[in-house]
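Presented below is the structure to which this report refers.
The values are calculated or read from the model by the stated rules, or taken from the named source; none is laboratory data. Since the model is a prediction, treat every value here as computed from it, not as a measurement. Backbone-built Cβ (ideal geometry, glycine too); neighbour counts: all protein chains shown. The protein model used for the area step is the full one, side chains on, heavy atoms only, and it has no ligands, DNA or RNA in it. Shrake-Rupley method; radii C 1.70, N 1.55, O 1.52, S 1.80 Å.
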Amino acid sequence: MRFAARFLILYGSQRGQAQSIAEEICQQAAEHGFTADISCLSNQHKYNVDREIRPVVFVVSTTGDGDPPDTAHKFVRKIKNKSLVHDHFSHLRYALLALGDTNYANFCNGGKTIDSRLQQLGAKHFYATGHADDGTGLEVVVDPWIEGLWDALKKIFSSMSTSNQQSADLSDCTQDNYHKNASGQEKNKSGLEVDLQLLKLSEVDSQKEKTITSDSSDVETLSTALVASLKQSVPPLSESVLNVPALPASYLEVCLEQVSTEGETVPSDKDGYREVSISKAVQLTQDDAVKNAILLELDISEQSIAYQPGDAFDILCPNRASEVEELLLRLDLQTRKNCAVQVNLLKNKHLPKLQPRAYSAASSSLQHPGKVHFVFNVVEFPACPEHPARTGLCTGWLADHVSSILRPLGTVPASEHLGTSSQPKVHVRPRPSSTFHLPADPSIPVVMVGPGTGVAPFIGFLQQREKEREANQEATFGETWLFFGCRHKDKDFLFRYELERFALNGTLSHLIVCFSRDEPDAAGTVNRPTYVQHNLRLHAKNVASILLKNKGCLYVCGDAKNMAKDVNDTLLEIIGNELQIDKLDAMKIVAGLREEKRYLQDIWS
């Protein structure tokens, strides 16, 4: 008996990265002489790790505050069942690649949760776990991890094959003894037994030759004559596991479904998406600003969608029309635009769906009942040899989608009450946050750091706090600090007038701003703050007092790669200087703030 070199890939993905990596491993497997089956962890009817004897490769991302992705929740609940015995997975040999981002708390915790639980239940690694950091680039870990996976698989298959051969030899000895008759004669079965899963031979001619040994005992020996041909082979070739090269198979399957009218595909209700009208679109930046920021107001009054400031909304966008046209051309389907076209990879069946984009709510339902705001920068990619200048898929589509109602900041539209039938529509799904909310106790002070569009959730925070102050004038409210930054004061100071109003009426205790590209003022200020972390240093004692003495909360929203990392480094510096401790001890205190949910981040790459 031989083991076929076949293994299983299971992935848990939130936004498609883990799925893409899993599919890449699956595609590379054939190049290294393996066959891989692949499944999402959510498809539990397609696999059974309780009885899986093949090696298993897990690829798992992390979402939220260190949680497993949504597609892995059922699997995690299943393996966390306390009734499972300590050796439940003693048969399982696996490798795991965990994806995370060191800019967030609980790095790679989704994968670590699965890894540790499998170990507790007796599963064994056949390859070291990889922890890939999106903050520095997943490929730094992913590429060498995949490269080393193939040797690890060869070793585990070799080990399994050796173990299986030993079992087979023991079985053969038992079988031989069973067939011995009382006179000591040993009879072999006629013909030649072959593992049909690994080698299929045509007719086999066998002849038995009877020989007499010196002690006159009869012994039957089997002499097999085989003729080598294209259909069969002789030892030692027939005893080797070989892969015969074949012509490349078809890899795409195209299914057409007739639809009644042309238009965008509507998501199913089970996905939780609702179609809502875009009732307002405002350009928040000047025309000559480096980035074009747009605020959208969605009318959710008829959908009964509840949200809190700090929550986000998933937005669905279609594929770019020009790219759809190109694909239809390649598939020779230009005349079938009125059909829904489903393209599948034959090997794996998950072309991954176009993923939704999440945007933080920039409003409070107390101030804007039945409405939700969000703000985004239109992402722009300059022309290069590979492609012409273009915009980001979702942000570019949204900008085009609302062009008919978009108005400059400070202007009044021709009609405030357009009929909903004439308003652009969009499919949205609420994405509640488990932690990124104002403290339940309004007396707790808060520090908010949000440059650029990172200020969005804090606009919602302040709108909420403003209404709470109006309704509870006798209540005690803690200090609110906002550190905001942009390039130019007169070009891209987002929500300027609203923030200044918050500062004037006391909703915002301290509005601390900086402008990274403005020229020095007439006084020629030396060492003026350029970025939000510089202002944090200037107010280090206040920040330290709020966090360490008054048990306040720190919120950071915006760019993960640079801003969030710089703010985190500055926080370590502030705490170290204030308490006169080294960096390691400062890191422990910051880790404690995270665990207490008093240092919270809503950041993106």
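From the protein chains alone at 1.4 Å, what is the descending order of accessible area for LEU327, LEU284, largest first?
Details: LEU327 90, LEU284 20 Å².
If we order LEU327, LEU284 from most to least accessible, we get LEU327, LEU284.
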How long is the gain from SER83 to VAL343 if the chain were fully straight, where each residue apart is worth 0.36 nm and the alpha carbon distance is subtracted? 89.4 nm
For the stretch 393-399, in residue order, the Karplus 3J(HN,Hα) values (coefficients 6.51, -1.76, 1.60; θ = phi - 60°; whole Hz; Gly and Pro = x) are 4, 6, 5, x, 5, 4, 4
Express in Å², to the nearest 10, the accessible area of THR476 obtained by rolling a 1.4 Å probe over the protein heavy atoms while all chains stay in place. 100 Å²
May I ask you to list the residues of the stretch 584-600 whose amide nitrogen lies under 14 Å from a point 7 Å from Cα along the Cα→beta-carbon direction of ASN106? 594-600
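Which links in LYS112/LYS154; LYS291/LYS561; LYS80/LYS112; LYS565/LYS588; LYS291/LYS565; LYS74/LYS112 stretch past 20 Å when you go from one Cα to the other?
LYS112/LYS154; LYS291/LYS565
On a 1.4 Å probe surface of the protein chains, which of TYR273, TYR94, TYR531 comes out largest in accessible area, and what is the full order? Mind showing how you got there, number by number?
Working: TYR273 20, TYR94 0, TYR531 110 Å².
Putting TYR273, TYR94, TYR531 in descending order of accessible area: TYR531, TYR273, TYR94.
Once you compute Rg and the Kirkwood Rh from C-alpha atoms, what is the Rg to Rh ratio for the stretch 1-120? Please list the in-between numbers first.
On the way: Rg = 14.3 Å, Rh = 14.8 Å.
With Rg and the Kirkwood Rh in hand, the quotient comes to 0.97.
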Rough spin-label spacing in nm, given labels placed 7 Å along Cα→Cβ, for GLU498 and SER443: 3.0 nm
If each residue of separation counts as 0.36 nm, what is the full-extension length gain between GLU147 and ARG15 once their alpha-carbon separation is subtracted? 45.1 nm
Residues meeting the amide H criterion for ALA95 (H placed from the backbone, H to H distance under 5 Å, 5 or more places apart or on another chain) are VAL56, VAL57, PHE58, PHE126
With R₀ set to 60 angstrom, the calculated FRET efficiency between the beta-carbons of GLN286 and HIS125, to the nearest 0.05, is 0.60
